[in-house]
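The structure under discussion appears below in the form of structure tokens.
The values are calculated or read from the model by the stated rules, or taken from the named source; none is laboratory data. Remember, predicted model here, so these are calculated numbers, not experimental data. Glycine gets a Cβ as well: all are built from the backbone with ideal geometry, and neighbour counts include every protein chain shown.
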Amino acid sequence: MKDNALVQELSEKARIVRRDIVQMIHESGTAGHYGGSLSCADILTCLYFHTLKLDPRNPRWDDRDRFVLSKGHAAPALYAVLLEAGYFSRDHLSTFKRMGSILQGHPDMKVTPGVEMSTGSLGQGLSVALGMALAGRLDRKGYRVYVLLGDGEIEEGSVWEAAMAASHYGLDNLSAILDRNCLQISGSTEECMRLEPLVDKWRSFGWDVVPIDGHDMAQILAALRHTAGVKGKPSLIIAQTVKGRGIQFLENKPESHSCSLSDEEYRQVMRSL
């Protein structure tokens, strides 16, 4: 498929994914993580509908690529792409956060098909992905491991310890993606704990680094293709995104991290999507 047609197809998928995210959270009747789920929707769409080597009919296939959602509070985005990819049926969408549901507030690898790691304790996902990548090398498997990090979470020291180890072992089968929406629950990342210059920091840790617009499908695709060809070192895509992307009145607002929509706001958002 030519890139223009692929970009159009993925953009339409991302629109559906955003609708599913909004519907899922609103129908749960509770506050939900709209902001961080919507900011990474385009990234997850590109991964699940173009890049990752997967088989929804056989979620535990040994040779599948692995994806770890380190920012586990963005579970609605992961569930939306897993649904569209065919891991479970649409009737599960309305059970989000309900007792006994396979779709809980954070991903649970024991109950949700397609979830590789139970996440939610921030700062742990890169270490887990590092272990998966090392295991793949030891087992002589050709799969790749991808991990999505939140920019608030990389304030944690465990992330940098894992970054150092991944570089030390030359894990070129590991690709991290940073959802750089510049906001965390308590405000701007730069006010809470200054992160920049991120490109220089990660490169100094021995990583290949590609900064992109995280809502530009063509740039996401190009970056994912690039990282797959990097040799001798792990790679990081720094994706500049907008928290709450797709809900205009929540975009770039810290309160979108976890909030509720009124019924009228919900109808307005669903019409716009």
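Residues checked against (1) in contact with a His (Cβ under 6 Å, 6 or more places away or on another chain); (2) at pLDDT below 95; (3) buried (at least 20 other Cβ atoms within 10 Å of the Cβ); (4) not in a loop (DSSP other than H, G, I, E, B):
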{"residue": "Ala129", "(1), (2), (3), (4)": "no, no, yes, yes"}
{"residue": "Gly142", "(1), (2), (3), (4)": "no, no, no, no"}
{"residue": "Leu171", "(1), (2), (3), (4)": "no, no, yes, no"}
{"residue": "Ala176", "(1), (2), (3), (4)": "no, no, yes, yes"}
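Taken over region 212-241, the criterion of being in a loop (DSSP other than H, G, I, E, B) and buried (at least 22 other Cβ atoms within 10 Å of the Cβ) is satisfied by Gly214, Pro234, Thr241. Of all residues in region 255-273, those satisfying the criterion of being in a helix (DSSP H, G or I) and surrounded by fewer than 18 Cβ atoms within 10 Å (Cβ to Cβ) are Glu255, Asp263, Glu264, Glu265, Tyr266, Arg267, Gln268, Met270, Arg271, Ser272.
Out of the residues in region 144-162 that are among the charged types (D, E, K, R) and in a loop (DSSP other than H, G, I, E, B), state the one that is surrounded by the most Cβ atoms within 10 Å (Cβ to Cβ).
Kept after step one, since they are among the charged types (D, E, K, R), are these residues of region 144-162: 144, 151, 153, 155-156, 161.
With the extra rule that they be in a loop (DSSP other than H, G, I, E, B), the set shrinks to 144, 151, 156.
Details: Arg144: 22, Asp151: 26, Glu156: 16.
So, considering only residues that are among the charged types (D, E, K, R) and in a loop (DSSP other than H, G, I, E, B), the one surrounded by the most Cβ atoms within 10 Å (Cβ to Cβ) is Asp151.
Could you check, for region 48-60, whether at least one of its residues is under 22 Å from Gly120 (Cβ atoms), assigned to a helix (DSSP H, G or I), modelled with pLDDT of 95 or more and not aromatic (Phe, Trp, Tyr)?
First, the residues of region 48-60 that are under 22 Å from Gly120 (Cβ atoms): 48, 52, 59-60.
Remaining after also requiring assigned to a helix (DSSP H, G or I): 48.
Then keep just the ones that are modelled with pLDDT of 95 or more; that gives 48.
Going one step further and asking which of them are not aromatic (Phe, Trp, Tyr), we end up with none.
Within region 48-60, not a single residue is under 22 Å from Gly120 (Cβ atoms), assigned to a helix (DSSP H, G or I), modelled with pLDDT of 95 or more and not aromatic (Phe, Trp, Tyr).
When we screen Val269, Val242 for residues that are β-branched (Val, Ile, Thr) and closer than 30 Å to Gly206 by Cα, the only hit is Val242. The conditions of being among the acidic types (Asp, Glu), at pLDDT 95 or above and part of a helix (DSSP H, G or I) are not met by Glu196.
Restrict the check to region 190-207 and report whether at least one residue is touching a residue at least 40 places away in the same chain (Cβ under 8 Å) and of a type in the set (Ser, Thr, Tyr). No: region 190-207 contains no residue that is touching a residue at least 40 places away in the same chain (Cβ under 8 Å) and of a type in the set (Ser, Thr, Tyr). Filtered by the rule that a residue be part of a helix (DSSP H, G or I) and of a type in the set (Phe, Trp, Tyr), region 61-111 gives a lone residue, Tyr79.
One residue alone among Arg64, Arg57 is surrounded by fewer than 18 Cβ atoms within 10 Å (Cβ to Cβ) and over 16 Å from the mean Cα position of the chain (by Cα), and that residue is Arg57. Out of all the residues in region 237-244, is one or more more than 29 Å from Leu10 (Cα to Cα), in contact with a Pro (Cβ under 7 Å, 6 or more places away or on another chain) and touching a residue at least 24 places away in the same chain (Cβ under 8 Å)? Scanning region 237-244 turns up no residue that is more than 29 Å from Leu10 (Cα to Cα), in contact with a Pro (Cβ under 7 Å, 6 or more places away or on another chain) and touching a residue at least 24 places away in the same chain (Cβ under 8 Å).
Scanning region 116-127 for residues that are under 17 Å from Ile43 (Cβ atoms) and out of contact with any Gly (no Cβ under 8 Å at 6 or more places or on another chain), which turns out surrounded by the most Cβ atoms within 10 Å (Cβ to Cβ)? In this case the residue turns out to be Leu126.
Kindly list, by first and then second residue, each pair from a residue in region 95-106 that is farther than 16 Å from Leu83 by Cβ and modelled with pLDDT of 95 or more to a residue that is assigned to a loop (DSSP other than H, G, I, E, B) and not aliphatic (A, V, I, L, M), limited to pairs with Cβ atoms under 7 Å and residues at least 6 apart or on different chains. Short answer, once both residue conditions are applied: Gly105/Lys97; His106/Thr119; His106/Gly120. Inspect region 58-75 for any residue being touching a residue at least 40 places away in the same chain (Cβ under 8 Å) and in contact with a Cys (Cβ under 7 Å, 6 or more places away or on another chain) and give the result as yes or no. Checked region 58-75: at least one residue is touching a residue at least 40 places away in the same chain (Cβ under 8 Å) and in contact with a Cys (Cβ under 7 Å, 6 or more places away or on another chain).
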